[in-house]
Amino acid sequence: MTEILNIKHGKIVGVHTSVFTIFNQEKYDPKAIPAAWQEFFAKSAGSDLSKAGTFYGASIPSMSMDAPMDYFAGALVDLDAEVSAGFENIEIPDGAYLAVPHVGPITNIAASYQSAYMEALGASGKEMRPAPHLEIYNPALNPMADDYQMIIGIPIN
């Protein structure tokens with residue numbers, strides 16, 4: 001079941017990587033995003049970032065299947081928060097997101113992405129707006145569990 005989430009203006013501070021979209025299976029590297037998260041957790045250990053109750057993946061889609069997208073793994077903080085050495089950030093504007101749940105092991109997320117963009121977005125009657133696309137994670141949950149839940153956030157008007 002989808003819902004609308006309003007995300008406040010801030011920035012995601014974390015680790016940046018470039019990766020081809022999951023829809024480009026020929027060039028997609030399934031290890032790139034997990035590696036970014038491992039690097040984020042290693043670098044943020046003991047910091048305020050590691051204590052966030054929610055973690056965010058933010059992607060800036062490429063307009064070409066031949067170019068990788070930018071992906072940030074991290075925590076959402078206030079816009080004026082300081083960015084520590086070794087981290088990068090991306091601004092997240094105020095706005096609405098279509099929240100599409102993914103249930104099941106994170107390794108099965110491709111089907112949820114396809115459903116989110118090919119079915120749920122159209123059924124919502126909303127249009128995408130230019131903003132980072134989000135993944136919203138609860139760090140207390142096991143991403144490999146059959147009952148794991150996270151949110152795919154599509155920026156909408």
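The values are calculated or read from the model by the stated rules, or taken from the named source; none is laboratory data. Computed from a predicted model, the values in this text were never measured in an experiment. Note that we place each Cβ from the backbone using ideal geometry, even for glycine, and neighbour counts take in every protein chain shown.
Quick one: how many residues across segment 120-151 are assigned to a strand (DSSP E or B) and of a type in the set (Asp, Glu)? Talk me through it step by step, then tell me what you get.
Pass one, segment 120-151, residues assigned to a strand (DSSP E or B): 128, 133-137, 149-151.
Next cut, of a type in the set (Asp, Glu) only: 135.
Summing the residues that are assigned to a strand (DSSP E or B) and of a type in the set (Asp, Glu) in segment 120-151 gives 1.
Name the residues in segment 16-29 that are within 20 Å of SER115 (Cα to Cα) and free of Cβ contacts under 8 Å to residues at least 40 places away in the same chain, would you? I'd like the intermediate steps shown before the answer.
Kept after step one, since they are within 20 Å of SER115 (Cα to Cα), are these residues of segment 16-29: 20-25, 28.
Across segment 16-29, the qualifying residues are GLN25, TYR28.
Consider segment 128-157. How many of its residues are exposed (fewer than 13 other Cβ atoms within 10 Å of the Cβ) and within 16 Å of the chain's Cα centre (by Cα)? Before the answer, list the steps.
At the first step, the residues of segment 128-157 found to be exposed (fewer than 13 other Cβ atoms within 10 Å of the Cβ) are 130, 140, 142, 144-147, 157.
Keeping just the survivors that are within 16 Å of the chain's Cα centre (by Cα) gives 130.
Total satisfying the criteria: 1.
Does TYR97 satisfy the criteria of being within 13 Å of ILE152 (Cα to Cα), in contact with an Asp or Glu (Cβ under 8 Å, 6 or more places away or on another chain) and among the aromatic types (Phe, Trp, Tyr)?
Working: within 13 Å of ILE152 (Cα to Cα): yes; in contact with an Asp or Glu (Cβ under 8 Å, 6 or more places away or on another chain): no; among the aromatic types (Phe, Trp, Tyr): yes.
No: the conditions fail for TYR97.
Given the conditions (1) free of Cβ contacts under 8 Å to residues at least 40 places away in the same chain; (2) more than 16 Å from the chain's Cα centre (by Cα), and given that ALA36 satisfies all but one, which numbered condition is not satisfied?
(2)
Among GLY10, GLY46, which is of a type in the set (Gly, Ala, Ser) and in contact (Cβ under 8 Å) with a residue 12 or more places away in the chain? If you could, list the steps in order and put the result at the bottom.
Numbers: GLY46 fails: in contact (Cβ under 8 Å) with a residue 12 or more places away in the chain.
Sole residue among the options that is of a type in the set (Gly, Ala, Ser) and in contact (Cβ under 8 Å) with a residue 12 or more places away in the chain: GLY10.
When the residues of segment 88-120 are narrowed to those that are at pLDDT 95 or above and of a type in the set (Phe, Trp, Tyr), which ends up farthest from PHE40 (Cα to Cα)?
Across segment 88-120, the extreme among qualifying residues is TYR117.
Failed condition for ASP146, given (1) closer than 23 Å to MET63 by Cα; (2) in contact with a Pro (Cβ under 7 Å, 6 or more places away or on another chain), with all others met?
The single condition ASP146 does not satisfy is (1).
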